[in-house]
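Everything on this sheet refers to the single structure shown next.
The values are calculated or read from the model by the stated rules, or taken from the named source; none is laboratory data. From a predicted model like this one, the values you see are computed outputs, not experimental measurements. Note that each Cβ is placed from the backbone with ideal geometry, even for glycine, and that neighbours are counted across all protein chains shown. Accessible surface areas use protein heavy atoms only, side chains included; no ligands, DNA or RNA. Shrake-Rupley method; radii C 1.70, N 1.55, O 1.52, S 1.80 Å.
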Amino acid sequence: MACSLLLTILPEELVVEILIRLTDLADLARAASACKPLRRLITSRAFLARLHALHAKPLLGLFLLERDRCGFLPAATAVAAAVARASDFAFSFLPDHAAGWRLRDVRHGLALLSSSSSSSYLSPLGDRGFFPDVVVCDPMRRRHVRVPPIPDDLTAGVRRIAVEHFDYLLAPAGRDGSSFRVVCRPKLPKQCDVTVFVFSSGAAFWRAAVLDACAATEKLFLPQSVHGYVYWRTHSSGTLLMLDTRDMDFFFVNIQTNKCVIGEAEEVGRLAVFNTIVDVGVHKVEILSKAIRGGADEPWRHDRTIPLLPGYKWRTARMAEGYLLLHGIVGNNSWSTPGIQLQHFTLDLKTLKLESLCDSISRGRHHHPQFDFRKTLRMASLLPPRPLLLTVLPQELVVEILIRLDDLADLARAASACRALRRLITSRAFLRRVHALHPRPLLGLLHLEHHGSRCRFLPAEPPHPSAATAAAVARAFDSHSDSSFSFLPGRPGDWRLRDVRHGLAVLSTRHAVTDDGCFSFPDVVVCNPLRRRYARIPPISDDLAAPIRSLAVGVEDFDYLVAPAGREGLSFRVICRPHLPMGCDVTVFVFSSSAVIWCAATLHACAATAQLVSPQYAHGYAYWRLTRSSTSRLLLLDTRDMDFFFVNFEPRSVPWQAIGEAGEVGRLVVFNIAHANHTVELLSRAIRGSADEHWRHDKTIPLLPGYKWRIVKLAEGYLLLQGRILGDGASQFTPGDQLQYFTLDINTFKLERLCASTPQGINASLHRYRFQRLAMRDGSLGMKEVAVSAATAAAGGSMGGVEEEIWELFVG
């Protein structure tokens, strides 16, 4: 929440400039783990593109490929050792396959594997010209995605021919490296045409390119990637077969000799050749380059010659992504001698810096493993590829598919599948549509004890439709939350729960009196008791608090309310009113989480404002009952414009009455209960109506007979009622009675039993209650909004020396 406040105080562009200037990437990782808004900002493509341009991606090691096995040789750094421990290079997280999995390529932190293409394995159609299953996975995060099979219309010509083997290549696509291409070439007999299939993760479909057979294409070696092109060495000396993966056209490039390393030059669009030469006993690397799409007679340009360390025998191995991998052995040892120590070096072609990467033991000429430099892991490229669903379908269509899911549990599973879907499902626009289509079920009651310092949850009971969900919330609440708020700073019991709404609980310390006799405002925190997280609300500024401090009078207590701000309920307001002695002006402070500032409103004292009780909230207005007024009136505060006004209402002769927000926006509603005929009468009027506007009778709702009823409170579409079964001769509510709790939906007027309880210490004088709504979101239970209502004695009510009980109603 503190990070969210940072993003509201500063423009997002300024936050980006602050983060991009962090010199230590570990600090950036800590910032990304602090909250969702910062993580979403740091993992965006635009930010990562700038980050990669400023911070070089460190080399972490080498993949050791030997037949069907692979291993990781980490560099001698702490980061590489951590990657080696965290990653699963055995790929045990992949689903089982009848033919087994074989590693084909690794690039940008993603590994490409295919099922074995053994001739003993038949396709589902029974033919031997099958195409293996292909997956792209992240060995560090243990996630994978299946690449769609090649369509039949593209493979029809190949399926008629027996395929010996398949060449696979994982090539980057795009500058930021967030997308990729999969290149597949079936190895066909010599007289067959060359066919290459290319899959793009951005477009999510396969394409094919065909080249007529010729003498140069009878034998092609392993593919390589350079600047958006894929090339194969041919058996003809000095010839490369190249494929432009964007235009899907073939062409040939002549090179000087096959005994060299070929790769991409530092200059985009040029091909580089690296030769190891010996000049007067000194080993050097000579770099030549030419334009990839240059003319056939274009000569190779000599770019530079780089000296190597003396005392080694050198061999160039691979070149990729700005580095040249070299093997070195000390002294006069032979490359074919088993058991010799191999030193692996990297040459940065931008800085021309030669560094030792790692060591290994050679097994001789016939057992020498393949070191594939293209399979070097990169530190900042371990994000999974974009989900294929979002690449195949437009985002608007994916939203329409998800919004039509009947079971919200399915929506939670989709949100946990990948970041892209979670970002879409948790967006404000999507959640607004979900909340409009799916009513939030009532889950139970929250019982507040010891003046708000502790709480316990009573779930809804069968046959209530939310009983199963409520039981899950109860288990999560008992195991993950803290009923005494011990995770807050300070000693247990220092904090007093004031209000709960939309998953956030507001607590304050007890106000103190300074040495000069003046009071100090309490510290205020907003917390999530289920996730044990909290954020401090900034103190009220001195210029706003000065009029209160200048009174030099004691403050008896404070009213605190949490009010939603905005339609989505993702922001909130904290409302604070100090209880001042009679004759003092009424002052109310309002804190906005979106603006991160306090505002103040003051009303001159009058006879009507001598005592204000039962603070409530409705449709953007906070209101209090006036108990010392000749007529029944409400004092309302518009929390947006910060202005006060009065509303008159006519009390009925019934003892139980509730005031709150109506289903119609902008109207205030009053519920009166009539015991004679077991009904509830609903009256309403416009909040900003004229002074002489009459209360409109909207509806009379029948209740169940055989109960003694009383209203607890009304808020956000629900009326909470207590019912005691008649028959024992008692006509009043007494401590120890078995009470049944019911809820009345004021939109559908459906009455449902919620749960039962035997309260201790509630007597007849406890006749006014408070009812709020709490929306809690917990990853272990999926996405849910839990609404809570509470019942508490009205201020100034006689408790008869018995401790009050407070109840909050959970709506999920």
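Quick notes
- With each label modelled as a point 7 angstrom along the Cα→C-beta vector, the E693-R141 pair spans 5.3 nm.
- Taking amide hydrogens as placed 1.01 Å from N in the peptide plane, the amide H of D105 sits under 5 Å from those of L112, each at least 5 positions away in sequence or on another chain.
- The Cβ shell under 15 Å around V574 holds other residues with a net charge of +4, Lys and Arg each +1, Asp and Glu each -1.
- Here each label is just a point 7 Å from Cα along the line to Cβ, and for H227 and L726 those points are 9.3 nm apart.
- L393 paired with H55, simple spin-label distance in nm, labels 7 Å along Cα-to-beta-carbon: 3.6
- Each Lys or Arg adds one and each Asp or Glu subtracts one; over the other residues with Cβ under 12 Å from the Cβ of I597, this totals 0.
- Applying 0.36 nm per residue to the separation of V268 and D543 and subtracting their alpha-carbon distance, the gain on full extension is 92.9 nm.
- Relative packing of peptides 221-231, 27-37 - highest average C-beta neighbours within 10 Å first: 221-231, 27-37
- Note on R536/L352: beta-carbon distance plugged into 1/(1 + (r/R0)^6) with R0 of 60 Å gives a FRET efficiency of 0.70.
- For the set C214, C576, the ranking by accessible area, highest first and with no ligand, DNA or RNA atoms included, is C214, C576 under a 1.4 Å probe.
- The length gained on full extension between I18 and L408, counted as 0.36 nm times the residue separation minus their Cα-Cα distance, comes to 136.5 nm.
- With an a/c value of 1.5 or above and a/b larger than b/c for the gyration tensor axes a ≥ b ≥ c computed over the alpha-carbon atoms, region 132-217 is described as prolate.
- Here the 3J(HN,Hα) profile of region 93-98, calculated from phi with Karplus coefficients 6.51, -1.76 and 1.60 at θ = phi - 60°, is 7, 6, x, 5, 9, 4 Hz, Gly and Pro shown as x.
- Length available on full extension from K187 to R301: 0.36 nm per residue minus the Cα-Cα distance, which gives 37.6 nm.
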